[in-house]
Structures are given as structure tokens and as C-alpha cells.
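None of the figures in this text is laboratory data; all of them are computed from the coordinates on show. If you're wondering where the values come from, they're calculated on a predicted model, not measured in any experiment. Here the Cβ positions follow ideal geometry from the backbone for every residue, glycine too, while neighbour counts run over all protein chains shown.
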């Protein structure tokens, strides 16, 4: 039994009550499961014929799923590849001492964060159709990547900014004291330290990118993983449920790997940070000794600390009270889901 | 006067406000749904019953790792077209899809509400729960009377972020034919020539929705924050 501050250690009566709750809950789950299975069976969605193609022949994998997955990964990869440097640029731009650089970066970042990715994708698609002569296939990929880049670059910019702001002021002061120029301070002192702090948030953002590629399939007919459901279920006798199950499992496996990687990065970093022997300079975001989190940007609304900053700050803020660990139920298993109780950001 | 009429000519014949009204309705309904379901999930995840904790954890991890688009398209193709789930009798295609979109958005967003709340619960000092237990309150009482009220006040900002993300996520309902802003925009772009202008109008519309939400809730969060 995990000890928690929210409830007492359980005596015989509490244990009995818990057993009762468990039984009721199991009954509710079983009823739900029964309803699902019976309605599936009624519509012949559980027939082996509908599931069999995925297990007995490589054809659905080769014809539909693998090409779709390739497109998903391709779009996500290019989006990340372009958005990352762009985001770093804008994030650092927002921290610039020059107004003419800070202002435009801020406006661009806030603008693209306030707009749904889908709107960006549709616009990009129409714009490419009108102003370029790209082949349809390329155009769709370009449109999806463009939409993803515009949005995610601005989110990554906030991650970068929050990461850099999360470093103690003394770092900049010390760099100035030994006579470094601003660019040098950024390159040799601030960026190397904050990259470690940002990494988990960046990896979480990759999950968002992967998930958002599905928009291109559903609305723009970009032939990615989700878009492969329709032709596939049409070809294998309307096995919609089976197709969705397989597709969802693939997305889950992909994103779960990324999420686990993110929390491994985070956990590893924190563990390293808290070892007393570790170099204080490299101690980014570990336990104590952190500067207070950066104040939320005053511009444009508190909500703009959302996403990114939540992701970033969550790894930086020292827990306000000590009972995070005590309270967190089943700490070992939740810790693998990342974020130590903090939300992982979506779009 | 003249110039304005010519520039915004393309809006003629489209129900722009109506589409944004659908967006607002989607947002409000699914926000309420996800707040309730998300709070229940958070309660399960910190509660004393291991099975419920497991369920909450599994739910959050599964839903978070599936794209919203997949969930919404499944609601239409799988739930409605295959299993004939209509969520309440009658209604034409449009109405059913609206309900399904609300359901999908609420189920998806609840996972994030749950995580935001859980992080809020973590900000409540241990002494609060200990004092509540010392008074002899049961788990549900501790949660309902002591912890959650404080946790909610701590997570107004994170919840505002979830709400804003939800507002933007409602555009995904366009994938199943709910005539909200993104759907109308796609329609208009196909029919009209003023691509940039149309996009600008819709971008402006979303900024009008998200900006005040953020400002307002940012103000609220400062107002209600527990001073410690």
C-alpha cells in the first residue's frame, strides 16, 4: 500500500470498503466492456475475417500502414528539423536587448501560437496550390510541414526562452564579469546549460508534432497513417474497428516511446543534478539551488506561459512542498509517464 | 464605406458568426464535460483504491498518446457509422456529428485536465491534508473540502492553457463535417479568391477567442491564488 498524505493507513474497515469499491468499479468496467463487445459483435466487427488480414498477411502492412507511417514520420521529421532552429532563433530573439528584434519575434511567436494548426495547414495548402506548381503529393506534404513548422517553431521558441530564463542570473553576471560579449555569453554559457533543461520539453513537443500530422490526413487528404484507414477498411470488408485499433496502437507505441524517452531524460537529469559531486555549472534544473522560475511573460496574456513554459518550467521548478513524492500515487509507475505530476502539454 | 464593402465582399453569403458560434459551443460543452470527467480522473488517481488509480493512469496515458484527430474521426466512422451510436435519439447527421465531436473533445481534454489538477494537488502543502485527516475527515472529504478547493485555485492558469488548447482543438471537428470555423474557412477558400484575406479573418477570429480567455483567466488566477 502506498502511503499517501491524502488518506490514512487503512484499518480493517477501510480495507473492506476498498474491496467493495473495487468490486463496484470492476462491475462498472465489466458492464462497459460487455456493452462494447456485444455491440461490436452485433455489427460483426469482431468476426475473425475482419481482423485476420492484419495477422496472416503482410499485405495491409505493406500496402497501407507502412506507407502511411512513413509519411507520418517524414512530415514529423521535416517539421522538427525546420522548427527547431527557427524556434531557437525566435526564442533567443525574444530575449534580445534590442527592441527591434524583441518586438517582431514576440509578435510572430504569439500570433502563431494563438492560431489552430489546422487553420495554418489549410492556408498553406491553398497558398501552395495557388502560387506554386507543386505536384499534389508534394504540395500536401509541404502544406502539412509548413503548418506544423509555423506552430511548433513558436512553441519551441517559448521553450527555449523559458529554458534560458530559468538559469540563475549569476550565470550571465559571471560571464559578463570575465568579459564575454553577449553572443559569447549565449553560446558558451547560457545555451549549453539550458539545452539540458529544455530537452524533455522538446521531446514532449515531438509527440505533439507526431500527433498533429494526423490532421493533414483527416482534412487535407495527406496520405499519412490515419488516412490509410479509409482505403484499408474499404478493401478488407468494412473492418473499421479493427483498422482503428491497429492505427491507434501504432500511434500509442510511437508516442509512448517518445514520452518515456522524455521522462528518462528528465529523470536522468534530475538524478545527475542532485548528486553532490556533480559540477555546479552543469547542474541544470536539479533539486535545490534553482533560481525561481521566470515570471510569466507580461505580454499577451498569462496563457502564453502555457504549453512550452509549462513543459519547461515543470522540469525546473523545485517542488513547492515536499509531498510530491509522498502524495504521488504509485510513484514508480507514474514517473515513467513523465512530468512527475505535471501536465504534459498538447497542442 | 465603399472600399470596405468591396474588400469584405467575399464574406457575403457565408455565416461567419454562425461558424464561430459553433466553435464556441463546442468549446464550452466539451470544457464542461472534460472538467467533470478530468476531476473524477484526478480523484481516482490520488485515491486509496489501487484499481481506480491504475484505471486513471492507464486512461491518461492512452488518451494522451493518441492524436485527437484519430479519436474524433473514430467517433464518426467507428462509433456512429459502424456502431450506430447516436448519443440520444434523433437528430440529423450534423447534430449527431456535433455531439460526437463534443464527446471526443471532452474525453481527450479530460486527460489534460486531470494532469493539471494533479499538479495542483501537489502544490497544496502536506500540512493541509494532515490537518484534515487529524480532524477525522475521510478521503473524499479531505479531497472535496480541503485539497481540491486549494488545488483548483492553484491551477487556474494551467487550466486556462488547457481551455485555450481546447478552443484551438475544436477545429479538428471539421474532419467529421461539423460546420465550425475551420470547416467554413476551407469551404470559403475553395470558392473564393481572397486567400490571404480569408485566412486573416479566421486567424483574427481565433485570436479574438483565445486572447480574452487568456487575459481574463490570467487575471482570475492572480486573484484567486492561495497566498502562501
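Remarks
- Qualifying residue in the range B:88-102 (condition: surrounded by fewer than 22 Cβ atoms within 10 Å (Cβ to Cβ), more than 9 Å from chain A (Cβ to nearest Cβ), within 21 Å of residue A:37 (Cα to Cα) and over 18 Å from the mean Cα position of the chain (by Cα)): yes
- For the range A:113-136, the set of residues classified as facing chain B (nearest Cβ under 9 Å), touching a residue at least 40 places away in the same chain (Cβ under 8 Å), within 23 Å of the chain's Cα centre (by Cα) and farther than 20 Å from residue B:214 by Cα consists of A:118, A:122, listed by residue number.
- All of (1) more than 30 Å from residue B:77 (Cβ to Cβ); (2) at the interface with another protein chain (Cβ under 8 Å from one of its Cβ atoms) hold for residue B:200 with one exception: (2).
- Taking the range A:1-27 as the range and being loosely packed, with under 11 Cβ neighbours inside 10 Å, more than 23 Å from residue B:147 (Cα to Cα) and within 35 Å of the chain's Cα centre (by Cα) as the test, only A:27 passes.
- Qualifying positions in the range B:37-55 - over 22 Å from the mean Cα position of the chain (by Cα), touching a residue at least 24 places away in the same chain (Cβ under 8 Å) and assigned to a helix (DSSP H, G or I): B:46
- Residues of the range A:252-262 classified as crowded, with 22+ Cβ neighbours inside 10 Å and within 11 Å of another protein chain (Cβ to nearest Cβ), total: 1
- So residue A:40, is it within 10 Å of chain B (Cβ to nearest Cβ), part of a helix (DSSP H, G or I) and within 30 Å of residue A:228 (Cβ to Cβ): yes
- Unmet criterion (only one of (1) surrounded by fewer than 23 Cβ atoms within 10 Å (Cβ to Cβ); (2) in contact with a helix residue (DSSP H, G or I) (Cβ under 6 Å, 6 or more places away or on another chain); (3) over 28 Å from residue B:20 (Cβ atoms)) for residue A:168: (2)
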